[in-house]
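Input: a single structure, listed below in structure tokens.
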Ligand code: ADP
Ligand code: MG
């Protein structure tokens, strides 16, 4: 890995006790296309009642298979979309109560890194302009110096500012995206599958970088991935999502050492990295009519332990040990 120069120290934390993010009962529904003109448009709950807290220095991982609502949750936290129900507070300020102007001011505390290192960097612009983009709202005078600083923090050279994205590899592009996210010295970076598009060897470098930045910069992540091994590497806390709901949460090391929810166990069994030599086992896709019947545990149709009660009554997410919650009748 290239040498990296640390950025100048982050500003002192003003709100150490206030959670960075506090989400309460978030629901986001999408209308699906009508199957026929005379039928009502069906809706799905992409996020179906999610609450969590992120504390400074305790990065939160969101893990779950494709389609479980992770990116929707990220968009809600970034205030790119509004929840249909529930509320989100960022550094104690209710996002729904902020004026557009206040929201823009708040944005500097919150940056995002996306999955696709090719699509997320405008190919027509030089790296310097791309990395400086979040400063546009601030009108910073020391733009060049801050771009150089951010590039060095991610292991690139200040001279790279004069190049175009196509001159870089996928891993380097993701470093550029991280430099852009860092440039406002945000308290929180929402990273949605930040290494999923990279080769495994490059993944480790980018994850190492993100972890180092957490320690050096005091940046905290909301780190989203379908890959449990990746989440485990970066985050202190984890929430496991299934069909729009959190089914288990707690300190990452504990959750993965001793999963409480059968879905977490299934995810863990499907990860090759954790059990040397074992091949990835595919968890079966949920049946299309898994929601039919309603009322019961959303995981019941796939759960090896499901009994009559599970199909009749949805288990609530509840505290089952210090710092640990699970939504399962049998925990
Ligand atoms: P993940 O990131 O975990 O793969 P998403 O949040 O992207 O999951 O999607 C959750 C569910 O919501 C999926 O069923 C997806 O098809 C649906 N969905 C996401 N965004 C939209 C949208 N803009 N319109 C309609 N459905 C959507
Ligand atoms: Mg996604």
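Table for the structure above
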{"read-out": "Criterion (modelled with pLDDT of 95 or more and more than 16 Å from ligand 2 (Cβ to nearest atom)) met by exactly one of 35, 51", "value": "51"}
{"read-out": "Any strands (runs of 3 or more DSSP E) falling wholly within the range 191-259 and containing at least 1 residues that are over 12 Å from the mean Cα position of the chain (by Cα)", "value": "237-242, 245-251"}
{"read-out": "Count of residues meeting criterion [surrounded by fewer than 16 Cβ atoms within 10 Å (Cβ to Cβ) and within 16 Å of ligand 1 (Cβ to nearest atom)] in the range 192-210", "value": "1"}
{"read-out": "So residue 191, is it modelled with pLDDT of 95 or more and within 16 Å of ligand 2 (Cβ to nearest atom)", "value": "yes"}
{"read-out": "Among (1) surrounded by 15 or more Cβ atoms within 10 Å (Cβ to Cβ); (2) in contact with a strand residue (DSSP E or B) (Cβ under 9 Å, 6 or more places away or on another chain); (3) in contact (Cβ under 8 Å) with a residue 24 or more places away in the chain - the single one residue 135 does not satisfy", "value": "(2)"}
{"read-out": "Unique residue being modelled with pLDDT under 95 and within 26 Å of the chain's Cα centre (by Cα) when the list is 323, 294", "value": "323"}
{"read-out": "Those residues of the range 82-91 which are within 16 Å of ligand 1 (Cβ to nearest atom) and closer than 20 Å to residue 54 by Cα, in sequence order", "value": "82, 83, 85, 86, 88"}
{"read-out": "Options 222, 213; residue that is in contact with a helix residue (DSSP H, G or I) (Cβ under 8 Å, 6 or more places away or on another chain), touching a residue at least 24 places away in the same chain (Cβ under 8 Å) and within 16 Å of ligand 1 (Cβ to nearest atom)", "value": "222"}
{"read-out": "Residue 178 being crowded, with 22+ Cβ neighbours inside 10 Å and assigned to a helix (DSSP H, G or I)", "value": "yes"}
{"read-out": "Of all residues making up the range 61-91, the number that are away from ligand 2 (no atom under 16 Å from the Cβ) and touching a residue at least 40 places away in the same chain (Cβ under 8 Å)", "value": "9"}
{"read-out": "Qualifying residue in the range 116-134 (condition: within 16 Å of ligand 1 (Cβ to nearest atom), modelled with pLDDT of 95 or more and in a loop (DSSP other than H, G, I, E, B))", "value": "no"}
{"read-out": "Selection status of residue 39, assigned to a loop (DSSP other than H, G, I, E, B), exposed (fewer than 15 other Cβ atoms within 10 Å of the Cβ) and in contact with a strand residue (DSSP E or B) (Cβ under 9 Å, 6 or more places away or on another chain)", "value": "no"}
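This table checks each residue for (1) buried (at least 19 other Cβ atoms within 10 Å of the Cβ); (2) out of contact with any helix residue (DSSP H, G or I) (no Cβ under 7 Å at 6 or more places or on another chain); (3) in a helix (DSSP H, G or I).
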| position | (1), (2), (3) |
| --- | --- |
| 86 | no, yes, no |
| 102 | no, yes, yes |
| 112 | yes, no, no |
| 145 | no, yes, yes |
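For (1) modelled with pLDDT under 95; (2) more than 8 Å from ligand 1 (Cβ to nearest atom); (3) in contact with a strand residue (DSSP E or B) (Cβ under 8 Å, 6 or more places away or on another chain), each residue gets a yes or a no:
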{"position": "63", "(1), (2), (3)": "no, yes, yes"}
{"position": "69", "(1), (2), (3)": "no, no, yes"}
{"position": "77", "(1), (2), (3)": "no, yes, yes"}
{"position": "80", "(1), (2), (3)": "yes, yes, no"}
{"position": "93", "(1), (2), (3)": "yes, yes, no"}
{"position": "100", "(1), (2), (3)": "yes, yes, no"}
{"position": "103", "(1), (2), (3)": "yes, yes, no"}
{"position": "108", "(1), (2), (3)": "yes, yes, no"}
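The values are calculated or read from the model by the stated rules, or taken from the named source; none is laboratory data. For clarity, every value in this text was computed on a predicted model and none was experimentally measured. Glycine also receives a Cβ, built like all others from the backbone with ideal geometry; neighbour counts cover every protein chain displayed.
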